[in-house]
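Enquirer: Right, I'll just put the structure down here and ask away after.
The values are calculated or read from the model by the stated rules, or taken from the named source; none is laboratory data. On a predicted model such as this, the values are computed, not experimentally measured, just so you know. Cβ coordinates were reconstructed from backbone atoms using ideal geometry, including for glycine residues, and neighbour counts include every protein chain displayed. For accessibility, only protein heavy atoms count, side chains too; no ligands or nucleic acids. Shrake-Rupley method; radii C 1.70, N 1.55, O 1.52, S 1.80 Å.
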Amino acid sequence: MKKVRKAIIPAAGYGTRSLPITKVIPKELFPIGGKPAIHYIVEEAAASGIEEVLMIVSRNKNLIVDYFDQSLELEAFLEKENKLHLMEEVKIPKIHIQYIRQPYANGLGGAVNLGKQFTNNEPVAVILPDDIFINNQQPGLKQLINTYETYQQSVVALKKMEEDQLKNYGVIKGKEIKEGLYEMTDIVEKPLYSAPSNLAVIGRYILEPAIFSFLEKQIAGTGMEIQLTDAIKNMLEVSKCYGVEIKGDRYDIGSEKDYIKIVNNFYNSSKLKT
Ligand code: UTP
């Protein structure tokens, strides 16, 4: 049985919805309860059994690389000042991380395609670092991995959305084969009119290595970007793909409304520092 050991975290986008702050601070580093958003993503990957991560960054995302680096100077300072209790705060999740730069943000499909060599013919998870899931029972990614382990085919995460929201997402058409589990028959990126269902694809995927042969050939689609959705649609002609409705709350931190909501929820929960 094939296992999902590797994950790609694409973080090279321009974050246009969150300008002007994203000129200097990547949205993936927006703080939530004192930790940057992408820290929760790496924790989710580790908690889902991922062993190796490839982060896709760009010229103005060096702060992300700095954040996950060990800070020997700071650790020495905390030790000298007898502030060892703060050491926990600077610890990063135990997982192997490597980086590659996307020279130009030509779309999520273009970013994921940079991970071909990294995946080396294994199935790979793709985790969008601006989509945060809170589920106290099971990490969002683990819910997808469970389905992958049963069917050994690509799986995407789904959420039912209101009709006016569907134009912002990839939307699937599919047959429900079990409660919350769909066999996909079609997928459309940002449908302007008549979406095929109310099931939107959100930021978690498990992809079979075959995806790279479609990404390589993929031409720019919606928004003049290379769309992962289009490559998945083409892959459907030769292999199956499943969709799983993810349990838990989801926050798109590129949306100011969701960002404020998640920060408030942390504020109201015990996870917040005094
Ligand atoms: P988004 O479309 O949500 O992020 O892509 P964006 O493009 O940065 O932000 P907006 O929409 O303009 O506000 C989802 C994830 O994919 C990454 C982004 O960094 C984000 O984390 N991404 C997107 C890339 O790595 N490369 C790209 O070319 C596009």
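Enquirer: Mind checking which pairs have a first residue in the range 225-237 that is within 15 Å of Ala12 (Cα to Cα) and a second that is at pLDDT below 95 and open to solvent by less than 40 Å² (accessible area, probe 1.4 Å), Cβ under 7 Å, 6 or more apart or different chains?
Expert: Listed by first residue and then by second, the contacts come to Ile226/Gln218; Gln227/Glu189; Gln227/Gly221.
Enquirer: Starting from residues that are acidic (Asp, Glu) and surrounded by 13 or more Cβ atoms within 10 Å (Cβ to Cβ), keep the ones in the range 227-272 and report whichever is farthest from the chain's Cα centre (by Cα).
Expert: Filtering the range 227-272 for residues acidic (Asp, Glu) gives 230, 237, 245, 249, 252, 256, 258.
From what's left, surrounded by 13 or more Cβ atoms within 10 Å (Cβ to Cβ): 230, 245, 249, 252, 258.
Working: Asp230: 18, Glu245: 15, Asp249: 15, Asp252: 11, Asp258: 16 Å.
Within the range 227-272, the match that is farthest from the chain's Cα centre (by Cα) is Asp230.
Enquirer: Collect the residues in the range 128-160 that are touching a strand residue (DSSP E or B) at 6+ places or on another chain (Cβ under 7 Å), farther than 24 Å from Glu176 by Cα and of a type outside the set (Asp, Glu), keeping them in residue-number order.
Expert: Leu128, Pro129, Ile132, Ile134
Enquirer: A follow-up question, please. Scan the range 96-127 for residues that are hydrophobic (A, V, I, L, M, F, W, C) and open to solvent by 30 Å² or more (accessible area, probe 1.4 Å) and jot them down.
Expert: The answer is Ile97, Ile100, Leu108, Leu114.
Enquirer: Sticking with this one: May I ask you to list the residues in the range 88-138 that are among the acidic types (Asp, Glu) and modelled with pLDDT under 95?
Expert: Glu88, Glu89
Enquirer: Can you tell me which residue in the range 140-187 is nearest to Thr229 (Cα to Cα), limited to those that are in a strand (DSSP E or B) and among the charged types (D, E, K, R)? Can you show your working first?
Expert: Quick first cut of the range 140-187, residues in a strand (DSSP E or B) only: 154-160, 170-178, 181-187.
Retained after the next criterion (residues that are among the charged types (D, E, K, R)): 159-160, 173, 175-176, 178, 183, 186.
On the way: Lys159: 16, Lys160: 17, Lys173: 13, Lys175: 18, Glu176: 20, Lys178: 23, Glu183: 16, Asp186: 10 Å.
The qualifying residue nearest to Thr229 (Cα to Cα) is Asp186.
Enquirer: For the range 104-137: of the residues being in a loop (DSSP other than H, G, I, E, B) and more than 10 Å from the ligand (Cβ to nearest atom), which is nearest to Ile56 (Cα to Cα)?
Expert: Gly115
Enquirer: When you go through Ala220, Ala195 one by one, which is the residue that is of a type in the set (A, V, I, L, M), within 16 Å of the ligand (Cβ to nearest atom), open to solvent by 30 Å² or more (accessible area, probe 1.4 Å) and in a loop (DSSP other than H, G, I, E, B)?
Expert: The conditions single out Ala220.
Enquirer: Restricting attention to the range 1-23, which residues are among the aliphatic types (A, V, I, L, M) and near the ligand (Cβ under 6 Å from one of its atoms)?
Expert: Result: Ala11, Ala12.
Enquirer: Would you confirm whether any residue within the range 149-156 is within 16 Å of the ligand (Cβ to nearest atom), farther than 26 Å from Val263 by Cβ and surrounded by 16 or more Cβ atoms within 10 Å (Cβ to Cβ)?
Expert: Taking every residue of the range 149-156 in turn, at least one turns out to be within 16 Å of the ligand (Cβ to nearest atom), farther than 26 Å from Val263 by Cβ and surrounded by 16 or more Cβ atoms within 10 Å (Cβ to Cβ).
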